[in-house]
Amino acid sequence: MMDRIMKVLPQDVVIYIFLMLPVKSLLRFKCTCKTFCNIINSSTFIHLHLHCSNDELILFKHSIKQEEDDLFKNILSFLSSEENCFDFKAVSPDFDVPEVTTTSACVFVQVIGPCNGLIAITDSFATILFNPTTRHYRSIPACPFGIPKRYRRSISGIGFGYDSIQNDYKFIRISEVYEDYMDKDMKVDIFDLSTDCWRELNGQQVPLVFWTSCSEILYNNACHWFASTDDTIILCFEMNTEEFYHLQLPESCHWYDGKSDGLIIVNNCLSYIRYPDPLSDRPAEVLIDIWIMKEYNKRESWIKRCSIGPITIDTPLAVLKGDLLLLQTKNGDVIGYDLNSHEIRDLNLYGYPRSWRVVIYKESLTPIPREGDTILVKKF
């Protein structure tokens with residue numbers, strides 16, 4: 001019957017209708033006839049559907065400690081914001097990713113993305129590629145490269161993105177290799193999803209990367225981390241060229257001012273947030289500063305958006321709809337701060353302290369490639 005409908009309706013009309021439907025409905029239509037299945041599975045339609053949607057959804061990752069075995073269960077919650085941006089509702093049931101489980105510090109579990117609707121979840125030991133809309137995921141193999149005897153390795157940064165030239169998703173891992181703690185070498189490994197293999201990236205000098213819970217962000221087709229040279233910088237890795245470069249922070253910001261660093265996206269601009277170090281005994285009146293880079297990779301384009309507070313927090317998380325700043329408190333709650341009205345509210349979201357991570361994403365049909373699969377992503 002559906003094929004008969006296609007004889008009445010032009011294909012471009014059917015595509016236009018499909019583009020307005022949620023993923024849940026499209027997955028049902030795939031089962032009705034071969035023609036609909038071919039349309040919905042096409043890389044062109046998947047790309048168009050992803051970029052037609054304006055609805056922002058929120059993936060919250062938090063952890064629950066399991067007392068019986070001293071492990072952490074990592075829970076993903078999928079929410080949307082109502083007209084009142086402080087009100088959230090669940091769009092689907094919570095999801096447990098069993099592969100990402102650490103015995104010690106759930107604070108090191110990062111959520112990176114989205115990239116074509118996909119996100120990466122990693123605790124430096126295990127890495128998962130995940131579509132939060134379809135719930136499909138796959139594990140990324142562990143890096144096989146060893147280190148010399150008597151040396152140690154510490155994972156400093158993880159990145160994830162898409163190479164539009166090679167039509168390939170990539171994971172990048174930056175690690176410190178050292179025998180003497182004062183004398184470290186930086187090592188870079190890359191995993192190509194198309195070949196399902198790790199490889200070493202040599203020939204580039206990489207500064208010392210330091211981890212913060214609000215960093216490891218994907219923006220402008222590049223991964224971003226904080227790194228140390230003579231001062232703090234933002235280290236970037238471009239997915240297409242596989243080259244490192246760095247961004248300078250605002251001239252008035254320096255590592256010795258006793259604040260912590262974070263990266264967020266505000267109104268589609270890379271933004272830098274400076275907040276009181278939660279481990280410091282500095283006075284509570286220290287404010288949170290937000291800087292926006294109006295023109296990417298131009299230091300002179302940094303503009304101070306605002307200073308807010310004083311608010312006692314552990315880390316910032318993300319910005320929703322351009323003006324709702326989500327923050328994690330020291331006791332594991334999530335609060336929202338409206339950057340325009342300066343209103344602050346408890347969002348009734350609770351988890352293990354320091355375990356919260358947030359990604360703002362849109363519904364996506366992007367498939368998770370399996371080993372040996374051809375990656376179908378069309379860029380316009």
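Annotations
- Links that overshoot a 24 Å alpha carbon limit, given the list LYS61/LYS321; LYS61/LYS184; LYS259/LYS362; LYS34/LYS170; LYS24/LYS362: LYS61/LYS184; LYS259/LYS362; LYS34/LYS170
- The stretch between CYS31 and HIS254, if pulled fully straight at 0.36 nm per residue, gains 74.6 nm over its current Cα-Cα span.
- The phi torsions of segment 241-249, fed into the Karplus equation with coefficients 6.51, -1.76 and 1.60 and a -60° offset, translate into couplings of 8, 6, 10, 8, 8, 9, 10, 7, 7 Hz, rounded to whole numbers, with Gly and Pro shown as x.
- Rounded if a/c under 1.5, otherwise prolate or oblate - segment 2-41, Cα gyration tensor axes: oblate
- Segment 106-196, relative contact order [Cα under 8 Å, separation at least 6], %: 18
- Average Cα contact separation per residue, the chain, under 8 Å, 6 or more apart, as relative contact order %: 16
- Virtual spin-label span in nm between SER139 and LYS73, 7 Å along Cα→Cβ: 1.9
- Distance from the alpha carbon centroid of segment 41-80 to that of segment 195-213 works out to 26 angstrom.
- Reachable lysines, given that their alpha-carbon falls under 28 Å from the alpha-carbon of LYS65 and they are not under 8 places away in the same chain: LYS73, LYS89, LYS330
- Treating r as the C-beta distance of ASN54 and ILE147 and R0 as 51 Å, the FRET efficiency rounds to 0.60.
- Gyration tensor (Cα) of segment 306-366, equivalent ellipsoid semi-axes in angstrom: 20, 17, 9
- Label positions at SER164 and LEU279, each projected 7 Å from the Cα along the C-beta direction, are separated by 3.9 nm.
Only the coordinates and a few stated rules stand behind these numbers; no lab work does. Since this is a predicted model, take the numbers as computed values, not measurements. Every residue, glycine as well, gets a Cβ built from its backbone with ideal geometry; the counts of neighbours run over all protein chains shown.
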